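To start, the structure under review is shown below, and the notes come after it.
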Amino acid sequence: GPVKEGLRLFNDQADMVGAFSAAAILTGLALLSIRQLRKMMPYEAWIWIHRSAYVVLYLGYAHQFSAGEDIGQGTGKIYWIGLHVLVIGPVVWGRIGVPLLINMYHRVRVAEVVDEGGDTVSIYLSGNRLDQLGARSGQYLRWRFLQAGFISQAHPFSLSAPPNSHWLRITAKSVGRFTSKLP
């Protein structure tokens with residue numbers, strides 16, 4: 001039966017604990033993605049839950065290499081490792097490499113924080129060659145402020161003024177824990 005076979009796999013097969021954990025994480029992630037549940041969560045919590053999908057990638061596939069008949073050895077193993085590198089490489093490049101290169105080139109820094117009243121602040125960002133970013137007013141960009149309490153999270157804010165070569169401006173209203181700390 002399915003319960004007996006599941007217990008046998010869990011206890012006897014290498015890396016199946018990780019596979020079962022991945023399935024549990026993925027099931028929880030799917031349930032917490034239901035719109036009504038997600039709206040009740042703070043953005044910060046949702047981001048960390050969303051990032052748990054990366055753990056699923058690692059835990060969910062390790063058992064295929066240790067227990068898989070077709071891909072556990074030889075060219076099948078090389079093929080599947082290559083496919084994983086082709087998926088993981090662009091994710092790492094897009095999430096870490098590109099933002100680092102953009103920041104090193106443009107050196108974007110907070111120049112000024114202006115209180116606009118009513119729990120709203122405008123943040124002016126200066127940098128090098130900002131006109132080369134190709135940004136447009138109203139465009140949403142993900143911003144990560146490299147200061148204690150902010151560095152672990154990137155939040156989407158739109159540009160609230162037409163960009164120019166001297167500064168970019170985002171305006172944010174205090175609506176949660178992150179935005180209430182922006183001033």
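The values are calculated or read from the model by the stated rules, or taken from the named source; none is laboratory data. A quick note: this is a predicted structure, and the numbers were derived from the prediction, not measured. Ideal geometry is used to build each Cβ from the backbone, glycine not excepted, and the neighbour counts take in all protein chains shown. Note: areas computed on protein heavy atoms with side chains; ligands, DNA, RNA excluded. Shrake-Rupley method; radii C 1.70, N 1.55, O 1.52, S 1.80 Å.
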Subject >> Cut-off under 5 Å, modelled amide H: who pairs with ALA111 long-range >> reply: TYR124, LEU125, SER126
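Could you rank the peptides 54-62, 36-44 by their average count of other C-beta atoms within 10 Å per residue, with the highest value first? Can you show the working numbers first?
On the way: 54-62: 16.3, 36-44: 11.1.
Result, highest mean Cβ count within 10 Å first: 54-62, 36-44.
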Subject >> Inter-label distance, nm, simple model (7 Å from Cα along the C-beta direction), PHE20/ARG51 >> reply: 2.8
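Carbon and sulfur atoms: what percent of the 1.4 Å accessible area of segment 73-144 do they account for?
Numbers: 3140 of 5160 Å².
Here it works out to 61 percent.
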Subject >> Nitroxide proxy distance, nm - points 7 Å out along Cα→Cβ at LYS181 and ARG107 >> reply: 2.7
**OP:** Step through the residues of segment 74-89 one at a time and calculate ³J(HN,Hα) from phi using the Karplus curve (6.51 cos²θ - 1.76 cosθ + 1.60, θ = phi - 60°), rounding each to whole Hz and writing x for Gly and Pro.
**Re:** x, 5, x, 5, 4, 4, 6, 5, x, 4, 5, 5, 5, 8, 5, x
Original post:
Which of the peptides 169-179, 24-34 is most tightly packed, and how do the rest follow, going by the mean number of other Cβ atoms within 10 Å of each residue?
Top reply: 169-179, 24-34
Subject >> segment 40-135: trypsin sites (Lys or Arg not before Pro) in DSSP coil with no more than 13 other Cβ atoms inside 10 Å >> reply: ARG107, ARG129
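State in Å² the accessible area per residue of segment 54-144; use a 1.4 Å probe, count heavy atoms of protein chains only, and round to the nearest integer.
Ligands and nucleic acids excluded, the result is 70 Å² per residue.
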Original post:
Based on Cα positions only, what radius of gyration and what Dmax would you give for segment 1-123, in angstroms?
Top reply: 21.3, 65
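Which of the GluC sites (Glu not before Pro) across segment 60-132 are loop residues per DSSP, with 14 or fewer other Cβ within 10 Å? Walk me through the numbers before you get to the answer.
On the way: sites: GLU69, GLU112, GLU116; in loops: GLU69.
Passing both the DSSP loop test and the Cβ count: GLU69.
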